[in-house]
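Contents: one structure, followed by commentary.
The values are calculated or read from the model by the stated rules, or taken from the named source; none is laboratory data. Owing to the predicted nature of the structure, the values given are computational and were not obtained by experimental measurement. Methodologically, a virtual Cβ is constructed for each residue, glycine included, from the backbone with ideal geometry; neighbour enumeration extends over all protein chains shown.
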Amino acid sequence: MKTALLLLLLFLVNSGSAETFVPYTPDSLKKGDWVEIESVHYYPYIAPGIKEKVPWRAENIRRVIFKATVTDLNEHTLTLDYTLKNLYDCRNEAGKPGFYYFDSRYRQDFTFDREKVGQRLLRVIYDRDSREVQTLDKQETIFSYSKNYVPFGVRQAGLSTYPETTLRDSLLLDKLLIPAAQTLLTGWQEEGMPRLAQNARIIDASFSLPPNTEFTCSHVNFDLSDDSTIHKKIFIAYPTEYKVGERVTLLLTPGDSITQDKERFATTHKRHYQGRGSEQNNIQYSFRRFADIYDPDMRSLNPITPDQVKKALQTRDSLFQITLEKDFKHLDPYWRKVFERSEQYFEGMFVLRFYMRATDKRAWQESGLLDWQAPYFASVNPLIDFAYSLQKTDAATYYYFLYTYSNYKKQEFKSDNLCLNKQGKLSPQEEYIINKQLFSGFPKYMATGSTLQQLMHTNTLSEIEGDYNDFIRSCPDTSLTNLLKRTYDKLLPFETGKNIRESGLMIADSLHLVKGSDRKYILLFLSREQGLPAPNLQNALDFKKCLESEGLVSIVQLELYSKFQSNNTERVKPFKAISDLQIEELRRKGLGAVTILMREDGTILYRQFTGWRFDPKPALAIIQNDLNREDESFNDFLKGFKEGVLGTLLIAAIICIAYYFRTKEKQKKERNRRHIRELELRAIRSQMNPHFIFNALSSIQNLINRSASQEANEYLIDFSRLLRKVLATSEKKLVPLSDEIEQLQLYLKLEQLRFPFSYSLTVDKNIEPDAIEIPGMLIQPFVENAVKHGIAPRGTGEIIIRLSLQDQLLTIDIIDDGPGIETEAEGGFGIRAISNEFEILKDLYNTEIGITIENRQKKESVSGCHVRLSIPL
């Protein structure tokens, strides 16, 4: 019996997040719920490419997406409003080398009736018992639009190339929508999926749809010793890249059911999958070189000639075709096209990139590689092919091609003999504007977003603020805007004028920053790259010599850190070895290399995040300008005196002195009294801090003694974060509630090393933790007391922490299921100290913090202790 239970437990653990699906029914619908309905029409003429009628292809298809939202319901009826979300139309004609194309998501590139998108087309009231339509209120549903002609190939891919070549079209939306609306509830199946009229289907909903795809895979995180298996069943409407863990991305098509071969991975560390949908995953993991932008065979060619590129591409093409025909005969036609397109974009990008670097441009032009009728240019269409693009970093050749093409066009623009004034570097605004003019539709937003992403790392955020806001406002693709927002938020703490202390970097504690000093400078460089590249070392030595020659070596301190072997320390001066904890911190923050020039007080003057290619001249100019700024301020001050400000200042000084002496004694007494109370408060907190620090160190020591070095290293990171927070808040009178909550969670996580207890921490929705400030270390002693008296005697248990807000009173409940407290003295030093702190806080801020401590047996008939804190806000 015990064996059976153990096997069942192991199965549940290894099943990962495979949940039991509960079908959603029409009776479950509530106000605000929605579903998206796709209506598909296939055009009769078939373009080169996919010939099967599959709803996710991009050519010769019209897709209309409607959204149905529950706007009202009662006991008898249910009301749904239907709106148009998007219309996509792409088809070609026999004898014409291109497509007629329309996509309502990119409104500025087309002519159409904008008012239809997002507006209500249909209101349907259903009977909840029979699920039949009771009433149907139809609006004007004619949608008129113009499809632009887009030729095959890259050179003429922009919509603006043939603005006069359009095809006027219109669509009666009600003919598509009404049949689907009539069967939405009556066709709702028991498994939770509504079955609609022909050529219409549900593609998304505000609730879970029945799974149509499943997978099983293991070793999904960077720690390959973690062999836990993840099994999931999910719903997807289109082929997609699905992120599993930290290092695995699966390529899934609706209906796939794949399983990873764990034994092969254990012996070879190569991923291999079985089942339906396995081929596209096996080709991406077993033959990554065919979708890898960094092909080592080609990168080794330096310098490279057109003939070498031709030979390399021929070899690559041959290997790719042999691989497809030999090992992947049955590859799904959609994914086959994905990999073929990826190859063509790789070759086009490769040719453009090396052409731009070449000094002998004529040889490349005569070679035919740059011929826009070459297969890798003529057989793709970037305006439409984003439907077949992979987004993985090592396979994103479609995106790399667009980025390279934009750089090629900018180089072409700058070399034009009518633009001699553009021989220099383009400004950030010019970079952004040129991309907007080069592209249309999705490529425009992808390229402009990529440009802004790069500019954020090389320029200050204030320089590109206008373009950033323009992009966020105009881009309809949330995946692109969210990516840019994350980058903006990541770099904001390092903006010019901010202080390095605000960045949260560990290294800030080691820089010996001097408050109020701005006449000396620190140049900080951090890199988590393995090894110290020779150019970085040479740049540092050159910069050091430059400082010496300019006589600035005494006021600029170099703090350079990189990853290298400790026995090389003497050979790589002025660099220092970065710690593993700092490398992990940079990885978590998404930073690879950081260069920051700051004043000695930590005020940031300059930063970049693209490796250290630090030109001494701009750096010296920044330092000199900053020194001059101080001199100019002093000169302005002297000038002000000469112009009569001195008299005004003297009058103001006399008034201030009189007022000062009048209130001097009163202020002095109050200041001394408050200072004494603040010192008492600081003394209490300084005594409280070592208690839980000692316990945390004991837990980590226990892990080290058990040789659990990996686990100990992870908790050392958490302990360092906790220690930094404690030290950072110990000097503050009030701290954000969010900081106190994070500190509590870190503390409880460390205490769980000693005792296998569970805890829950809930915060009411009406609480904004970042907007509320409370005295630091206020909650922790009571939580520590719960661990000490409620958990430690038994070695297990549960702690519940609840935060609620009512009538400007923050209530904090700390509940444990231990034996309870027999005497008041049993509360320990922490409780007594915090009680003294309450008295001091009342005196300082005229605020009384309420506290009740009682055994749960009195009211709940269960063992344990209940502490309630009440803090007026």
Filtering the range 501-553 down to residues that are under 17 Å from I596 (Cα atoms) and basic (K, R) yields R501, R519, K520, R528, K544
With criteria (1) surrounded by fewer than 19 Cβ atoms within 10 Å (Cβ to Cβ); (2) in contact with a Gly (Cβ under 7 Å, 6 or more places away or on another chain); (3) at pLDDT 75 or above, V735 comes up short on (1)
Restricted to the range 825-839 and to residues being in contact with a Lys or Arg (Cβ under 9 Å, 6 or more places away or on another chain) and surrounded by fewer than 20 Cβ atoms within 10 Å (Cβ to Cβ), the residue modelled with the lowest pLDDT is A825
The condition of being within 25 Å of F102 (Cβ to Cβ), of a type in the set (K, R) and either touching a strand residue (DSSP E or B) at 6+ places or on another chain (Cβ under 6 Å) or not assigned by TED's automatic domain parsing to the domain that holds S278 (or both) holds, among R357, R336, R362, R341, only for R341
- Is one or more of the residues making up the range 183-206 closer than 29 Å to R131 by Cα and assigned to a helix (DSSP H, G or I)? yes
Subset of the range 846-866, residues surrounded by 13 or more Cβ atoms within 10 Å (Cβ to Cβ), over 21 Å from I772 (Cα atoms) and hydrophobic (A, V, I, L, M, F, W, C), comes to I853, C865
Condition first: assigned to a loop (DSSP other than H, G, I, E, B), surrounded by 14 or more Cβ atoms within 10 Å (Cβ to Cβ) and of a type in the set (D, E). Can you find one or more residues in the range 799-820 that meet it?
yes
By residue number, the members of the range 497-542 that are modelled with pLDDT under 90 and of a type in the set (S, T, N, Q) are S503, S510, S517, S527, Q530, N536, Q538, N539
In the range 600-644, residues that are more than 30 Å from T451 (Cα to Cα) and modelled with pLDDT of 80 or more total 4
Picked from the range 738-768 (must be at pLDDT 85 or above and aromatic (F, W, Y)), the residue nearest to P793 (Cα to Cα) is F757
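Out of curiosity, is K765 among the basic types (K, R), surrounded by 15 or more Cβ atoms within 10 Å (Cβ to Cβ), in the same structural domain as L716 (by TED's automatic domain parsing) and over 29 Å from Q857 (Cβ atoms)? It would help to see each step written out before you state the result.
Details: among the basic types (K, R): yes; surrounded by 15 or more Cβ atoms within 10 Å (Cβ to Cβ): no; in the same structural domain as L716 (by TED's automatic domain parsing): yes; over 29 Å from Q857 (Cβ atoms): yes.
Here the answer is no, as K765 does not meet what is asked.
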query: Any chance the range 248-256 includes a residue that's more than 20 Å from D327 (Cβ to Cβ), surrounded by fewer than 16 Cβ atoms within 10 Å (Cβ to Cβ) and out of contact with any Leu (no Cβ under 9 Å at 6 or more places or on another chain)?
result: yes
By my count, strands (runs of 3 or more DSSP E) wholly in the range 500-595 with at least 3 residues that are of a type outside the set (G, A, S) and either surrounded by 14 or more Cβ atoms within 10 Å (Cβ to Cβ) or touching a helix residue (DSSP H, G or I) at 6+ places or on another chain (Cβ under 7 Å) (or both) are 521-530, 556-563
Checking G790, G795, G776 in turn, the sole residue that is farther than 21 Å from G850 by Cα, crowded, with 22+ Cβ neighbours inside 10 Å, of a type in the set (G, A, S) and in the same structural domain as L722 (by TED's automatic domain parsing) turns out to be G790
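From the set of residues in the range 106-124 that are buried (at least 18 other Cβ atoms within 10 Å of the Cβ) and farther than 14 Å from L177 by Cα, which is farthest from the chain's Cα centre (by Cα)? Steps first, please.
Step one: of the range 106-124, the residues buried (at least 18 other Cβ atoms within 10 Å of the Cβ) are 106, 109-110, 112, 116, 121-122, 124.
Imposing the further condition that a residue be farther than 14 Å from L177 by Cα reduces the set to 106, 109-110, 112.
Details: Y106: 24, D109: 29, F110: 32, F112: 35 Å.
Result: F112.
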